[in-house]
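Only the coordinates and a few stated rules stand behind these numbers; no lab work does. Not measured: the values here are computed from a predicted model. Quick reminder, even Gly has a Cβ in these numbers, built from the backbone with ideal geometry, and neighbours come from all protein chains shown.
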Amino acid sequence: MINRQFFFKGYKSILAPDSPAIALGCCFIAIGALLKNLGFNIQESIFSTMLTYALPGSLVMAESLLVGASLLNIFLAVWFVNARLYPMAVSLFPLMMHKNQPKWKYYFSCHFIAVSAWLIMKSNYKTVPKKQRIDFWIGIGSATWSVAVIGTFIGFYFSEYLNKDMMMGLAILNPVYFLCMMVGASKTIQITLSVILGTILGPIFYFLSPEWSILLGGIIGGTIAYLIGELNVS
Amino acid sequence: MSVSIFYAILVTSLATFISRFLGAVSSQGIKETSKLFKWFNCLAYATLAALIARTIIFPAGVLIDASYLSRIIVVILSLVVFFVSKQNYVYPTVFSALCMAAINNYF
């Protein structure tokens, strides 16, 4: 089963000085308040966070519900905005693959793929033996997932105390935290270029197609960064 | 609201899980030293950067009501705090929330 020592080592990563707990918790407080204002009850809000556990996806769902979009439209809009999770999974799971670990652990723990957990794992995986990395990852994922659920709960019940300025403060906190983590992770030419090109191309492609802008910016920016990095090495 | 919240949650979860699950399945045969892995790593970082830039420049939710200038000022100042605090993640994050709330309250 799951190695408890490495599971808890991963779980405790949320308590580290540079942990995403504050940023993540605050963002889901904002989501909890938003869902309540949309007419969700507490069970629906908690299940939404538990089952989706992806902030941009939840925001898109909320926006779509507000404008009265159909289920198919919600599905496509969320799928487009959360398609980034595919390259994130492919660039993470090979680091944790071990022949002695059962496959179900990988399929189960893919639900924890989200920016905060992914960035923590990317910066810490080398400190864990390869066989135990999946247990460490499940620990990190469980911790960030718990913070998201608790944040939603707090946001739902404290929504009436949050004015618009406070909600704006909570909303900017998440992109700023991720931006700092990305800048901090930019230690090779390929990653640095990926971050710079993605930042520039994402908004540019928004003018061509808002739905496809993230994917197009990511695929084109990432591919150019990869090719330049490979040329530089050779 | 035209669709029920219950089905909206289910559809959102499914649309999110598909990408995660397909990623987990298709990464089975990929080695961490391969070129394909490196390429996907670049794609992941670039896609995330594109998402963050879009969230700041073309936001959804309450941030729409914050002016473009205020968002840019907050992000730049937060990055300054990040570098001044020797790449600490907590100070710029907390600063950004306080700064955004203050700017929108007083200006």
If I model a spin label as a point 7 Å beyond the Cα along the Cα-Cβ vector, how far apart are those points for A:Lys12 and A:Phe108 in nm? 2.3 nm
Based on the Cα coordinates of the stretch A:65-220, what is the per residue volume of their convex hull in Å³? 160 Å³
In the stretch A:1-70, how does Rg compare with the Kirkwood Rh, expressed as the Rg/Rh ratio over alpha carbon atoms? 1.11
Could you work out the relative contact order of chain A? I mean the mean sequence separation of Cα pairs under 8 Å and 6+ apart, divided by the number of residues, in percent. 31 percent
Difference of contour (0.36 nm per residue) and Cα-Cα distance, A:Ser234 to A:Glu211: 4.7 nm
Any idea what diffusion coefficient the protein assembly as shown gets from Stokes-Einstein, in µm²/s, Kirkwood Rh on alpha carbon pairs, 4 °C, 1.567 mPa s? 65 µm²/s
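Find, among the chymotrypsin sites (Phe, Trp or Tyr not before Pro) in the stretch A:171-228, those assigned to loop by DSSP (not H, G, I, E, B) with at most 12 other beta-carbon atoms within 10 angstrom. Show your work: numbers first, answer last.
Numbers: sites: A:Tyr177, A:Phe178, A:Phe205, A:Tyr206, A:Phe207, A:Trp212, A:Tyr226; in loops: A:Phe207, A:Trp212.
Within the stretch A:171-228, the qualifying chymotrypsin sites (Phe, Trp or Tyr not before Pro) (loop, at most 12 other Cβ atoms within 10 Å) are A:Phe207.
In whole percent, what relative contact order does chain B give with Cα contacts below 8 Å and a gap of six or more residues? It would help to have the intermediate numbers written out before the result.
On the way: 32 pairs, mean separation 16.1, N = 107.
Computed over chain B, the figure is 15 percent.
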Only loop residues by DSSP count here, and only those with at most 11 other Cβ atoms within 10 Å; note down the trypsin sites (Lys or Arg not before Pro) in the stretch A:112-218 that meet that. A:Lys187
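Can you give the longest stretch of chain B with no exposed loop site, where a site means trypsin sites (Lys or Arg not before Pro) in a DSSP loop (not H, G, I, E or B) with at most 16 other C-beta atoms within 10 Å? Don't skip to the answer; put the middle values down first.
Numbers: sites that count: B:Lys31, B:Lys86.
Longest site-free region, per DSSP loop and neighbour criteria: B:32-85.
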Taking r as the C-beta separation of B:Leu36 and A:Thr127 and R0 as 25 Å, the FRET efficiency to the nearest 0.05 is 0.50
Considering chain B, what Rg and Dmax in Å follow from its alpha-carbon atoms? 19.1, 55
